[in-house]
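Asker: My questions will all concern the structure given below.
The values are calculated or read from the model by the stated rules, or taken from the named source; none is laboratory data. Because the structure is predicted, anything quoted here is derived from the model rather than measured. In this analysis, Cβ positions are derived from the backbone assuming ideal geometry, glycine residues included, and neighbour counts consider all displayed protein chains. Ligands, DNA and RNA are stripped out before the accessible areas are found, and what is left, the full protein with its side chains, is counted by its heavy atoms. Shrake-Rupley method; radii C 1.70, N 1.55, O 1.52, S 1.80 Å.
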Amino acid sequence: MRPGTQPSHLPVMWAQVMDGLQVRRDGRYLDGTFGRGGHARGVLDRLGPDGRLLVMDKDPEAIATAHALFGADGRVAARRGSFAGLAEWDEAAAGLDGVLFDLGVSSPQLDVAERGFSFGKDGPLDMRMDPESGESAANWLARADEREIADVLWTYGEEKLSRKIARTIVARRDDEPLLRTAQLADLISSVLGRGDGKIHPATRSFQAIRIFINRELEDLEAGLDAALKVLKPGGRLAVISFHSLEDRIVKQFINRHAKAPPGNRRMPVELPFTPDLRDLGGALRATPQEVKDNPRARSAVLRVAEKLGLPHMDVPMPRAQDAQERPA
């Protein structure tokens, strides 16, 4: 790639992420959700010969792609695993100038029916980001009781008819084990009806089961703590979320470390508060043009924060519309 160019496959909010990270040529950066490597390419394009790019992903196929793309580049190191454990990697523990998390399921995972993430493509009911670790969705649905299934659908998918769906799953699974994505999608549709056709009735349930199977929210909380631990003063944290549960965790994390807690009249003396982070711009969203070009960007929310400590330069975050107008 020529300096300043964009990859042919643009990941969500690519320009805003590059502006948010403010990549330094000699800096050390970690992409905790490599996927196809679109954001990683942008970071690497801005690094000089002394820069360092670390990439992580649970998905072995994503790490294989990273080795294929960047294996010959001595500035890049790849590690298979969840970003929840990034601080355990010596390369990251040495200190980072930027950390990026692009949350949720990646486009390659959705596009391949055999991964079991998509209700629109029939495949094995798996949903594991790491297909060699943990329990598949099919195995969990075969053993979980009605209450556990309903709790997962409500907690992680905010599915109003979670109990009815769970009851139907338990009633039918003995006669016909749920082994395929199409089976589960059809079952949910039979409970909820087809709706208005804009959103598939299985959307919330598939999201909920995927989040639960992959421990996505628990990993996010651990990953945010780990990122704060290894970021150098002045380093940037950038997180892209795709639904309210993720974004709420990220927002609360930044606020907790950037703003003093509200006063308590019952406390005789207020405890001193020293912020660890500076919030840069609040919730940023994709431009109308990006949403038109990439519908997946419609629900994306980017939040960027800066690690405090040593003096830093005030670099204002661009408005979302400006990020696309200026050359990256």
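Asker: Select from the range 67-99 the residues that are touching a Lys or Arg at 6+ places or on another chain (Cβ under 8 Å), assigned to a strand (DSSP E or B) and of a type in the set (Gly, Ala, Ser) and list them in ascending order.
Answerer: Matches in the range 67-99: Ala77, Gly98.
Asker: Given the criteria open to solvent by less than 20 Å² (accessible area, probe 1.4 Å) and either among the hydroxyl-bearing types (Ser, Thr, Tyr) or not in a helix (DSSP H, G or I) (or both), does Pro177 qualify?
Answerer: Against the criterion (open to solvent by less than 20 Å² (accessible area, probe 1.4 Å) and either among the hydroxyl-bearing types (Ser, Thr, Tyr) or not in a helix (DSSP H, G or I) (or both)), Pro177 does not qualify.
Asker: I would also like to ask the following. Within the range 208-237, how many residues are buried (at least 24 other Cβ atoms within 10 Å of the Cβ) and either without any contact (Cβ under 8 Å) to a residue 12 or more places away in the chain or out of contact with any helix residue (DSSP H, G or I) (no Cβ under 8 Å at 6 or more places or on another chain) (or both)?
Answerer: Within the range 208-237, residues that are buried (at least 24 other Cβ atoms within 10 Å of the Cβ) and either without any contact (Cβ under 8 Å) to a residue 12 or more places away in the chain or out of contact with any helix residue (DSSP H, G or I) (no Cβ under 8 Å at 6 or more places or on another chain) (or both) number 2.
Asker: Looking at Gly95, is it at pLDDT 75 or above and on the phi > 0 side of the Ramachandran plot?
Answerer: yes
Asker: On to the next question. Here are some conditions: (1) in contact with a strand residue (DSSP E or B) (Cβ under 6 Å, 6 or more places away or on another chain); (2) open to solvent by 30 Å² or more (accessible area, probe 1.4 Å). Arg194 meets all but one. Which one does it not meet?
Answerer: Of everything listed in (1) in contact with a strand residue (DSSP E or B) (Cβ under 6 Å, 6 or more places away or on another chain); (2) open to solvent by 30 Å² or more (accessible area, probe 1.4 Å), Arg194 misses just condition (1).
Asker: Let me ask you something else. So, in the range 139-153, of the ones that are within 26 Å of the chain's Cα centre (by Cα) and without any contact (Cβ under 8 Å) to a residue 24 or more places away in the chain, which residue ends up most open to solvent (accessible area, probe 1.4 Å)?
Answerer: If we take residues in the range 139-153 being within 26 Å of the chain's Cα centre (by Cα) and without any contact (Cβ under 8 Å) to a residue 24 or more places away in the chain, then Asn139 is most open to solvent (accessible area, probe 1.4 Å).
Asker: Residue by residue through the range 18-66, note down the ones that are assigned to a loop (DSSP other than H, G, I, E, B), among the small types (Gly, Ala, Ser) and either at pLDDT 95 or above or open to solvent by 10 Å² or more (accessible area, probe 1.4 Å) (or both).
Answerer: Gly27, Gly32, Gly35, Gly48, Gly51
Asker: Looking at Ser106, Ser118, can you tell me which residue is modelled with pLDDT under 95, of a type in the set (Gly, Ala, Ser) and under 29 Å from Val304 (Cα atoms)?
Answerer: After ruling out the rest, the residue left standing is Ser106.
Asker: (1) among the hydroxyl-bearing types (Ser, Thr, Tyr); (2) under 14 Å from Leu141 (Cβ atoms); (3) open to solvent by 40 Å² or more (accessible area, probe 1.4 Å): which one isn't true of Thr168, the others all being true?
Answerer: (3)
Asker: Report, ordered by the first and then the second residue, all pairs with beta carbons closer than 9 Å, sequence separation of six or more or different chains, a first member in the range 52-71 that is farther than 17 Å from Arg128 by Cα, and a second member that is among the aromatic types (Phe, Trp, Tyr) and part of a helix (DSSP H, G or I).
Answerer: Going by the 9 Å Cβ cut-off, the qualifying pairs are Leu53/Phe70; Val55/Phe70.
Asker: Which one of these does Ala150 not meet: (1) farther than 21 Å from Asp186 by Cβ; (2) at pLDDT 95 or above?
Answerer: Of the numbered conditions (1) farther than 21 Å from Asp186 by Cβ; (2) at pLDDT 95 or above, the odd one out for Ala150 is (1).
Asker: Another question about this same structure. Search the range 166-184 for residues being farther than 19 Å from Trp154 by Cβ and in contact (Cβ under 8 Å) with a residue 60 or more places away in the chain, and hand back the single one that is farthest from the chain's Cα centre (by Cα).
Answerer: Ala182
Asker: Scan Ser205, Ser136, Ser189 and give me the residue that is without any contact (Cβ under 8 Å) to a residue 40 or more places away in the chain, of a type outside the set (A, V, I, L, M) and open to solvent by less than 50 Å² (accessible area, probe 1.4 Å).
Answerer: Ser189
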